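The values are calculated or read from the model by the stated rules, or taken from the named source; none is laboratory data. Being a predicted model, the structure only gives us computed values, none of them experimental. Here the Cβ positions follow ideal geometry from the backbone for every residue, glycine too, while neighbour counts run over all protein chains shown. Note: accessible area is taken over every heavy atom of the protein model, side chains too, but ligands, DNA and RNA are not part of it. Shrake-Rupley method; radii C 1.70, N 1.55, O 1.52, S 1.80 Å.
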Amino acid sequence: QVQLVESGGGLVQPGGSLRLSCAASGSIFSFSTMGWYRQAPGKQREWVATISSIGITDYANSVKGRFTISRDNAKKTVSLQMNTLKPEDTAAYYCELTQGGRDYWGQGTQVTVSS
């Protein structure tokens with residue numbers, strides 16, 4: 001059983017920064033891929049960033065250059081450093097892990113960008 005717990009969300013002004021973290025527990029394999037998704041009110045969940053087991057990263061165009069995803073395999077954590085935040089980044093952010101052909105999700109953490 002895999003469990004994911006996000007933390008680090010909150011309220012921030014436009015232009016500010018936040019760092020999200022996700023702690024994984026359970027049977028985590030070294031070859032898992034981890035990522036972040038987000039869902040704004042009234043919109044579908046969208047992909048934000050992914051990091052492979054060997055650290056290869058990929059980002060949605062909307063966050064490229066502003067967000068940085070990283071992972072610590074020993075600690076079983078993945079983080080998302082978000083800089084230069086915009087009101088349109090407001091959403092619930094979800095941690096995701098893929099392994100063995102299955103997707104696992106956290107419960108989400110709210111990020112609100114507003115003055």
Checklist entry - For Thr90, which sequence-distant residues (separation of 5 or more, or a different chain) have an amide H within less than 5 Å of its own amide H, given hydrogens modelled in the peptide plane? => result Val113
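Of all chymotrypsin sites (Phe, Trp or Tyr not before Pro) in region 1-62, which ones are in loop regions per DSSP and have a Cβ with at most 13 other Cβ atoms within 10 Å? If you can, show how the numbers build up before the last one.
Numbers: sites: Phe29, Phe31, Trp36, Tyr37, Trp47, Tyr59; in loops: Phe29, Phe31.
In loop regions of region 1-62 (DSSP not H, G, I, E or B), the sparsely surrounded chymotrypsin sites (Phe, Trp or Tyr not before Pro) are Phe29, Phe31.
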Item to check | Accessible surface, per residue, of the chain when the full set of protein chains is kept, probe 1.4 Å, Å² | outcome: 54
Item to check | Extension gain from Ala60 to Ser17, taking 0.36 nm per residue of separation minus the Cα-Cα distance | outcome: 13.7 nm
Checklist outcome for this item: The size of the Cβ-based charge dipole (Lys, Arg +1; Asp, Glu -1) of the chain about the Cα centre, to the nearest 20 debye, is 80
Item to check | Whole-Hz couplings from phi, Karplus 6.51/-1.76/1.60, listed for region 46-60; x for Gly and Pro | outcome: 10, 6, 10, 7, 9, 9, 7, 5, 9, x, 6, 10, 8, 9, 5
Checklist outcome for this item: Given a Förster distance of 41 Å, the FRET efficiency implied by the Cβ-Cβ spacing of Gln3 and Ser114, rounded to the nearest 0.05, works out to 0.85
Checklist entry - Taking square-rooted eigenvalues a ≥ b ≥ c of the alpha carbon gyration tensor, is region 43-91 rounded, prolate or oblate, where a/c under 1.5 means rounded and, failing that, a/b exceeding b/c means prolate? => result prolate
Checklist entry - Roughly how many percent of the accessible protein surface of the chain is carbon and sulfur, given a 1.4 Å probe and a whole-percent answer? => result 48
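Using a Förster distance of 41 Å, how high is the FRET efficiency between Ala40 and Lys75, based on the Cβ-Cβ distance and rounded to 0.05? Please list the in-between numbers first.
Working: r = 30 Å, r/R0 = 0.72.
About 0.90, to the nearest 0.05.
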Checklist entry - Which percent of the Cα-Cα distances in the chain go past 17 Å? => result 50
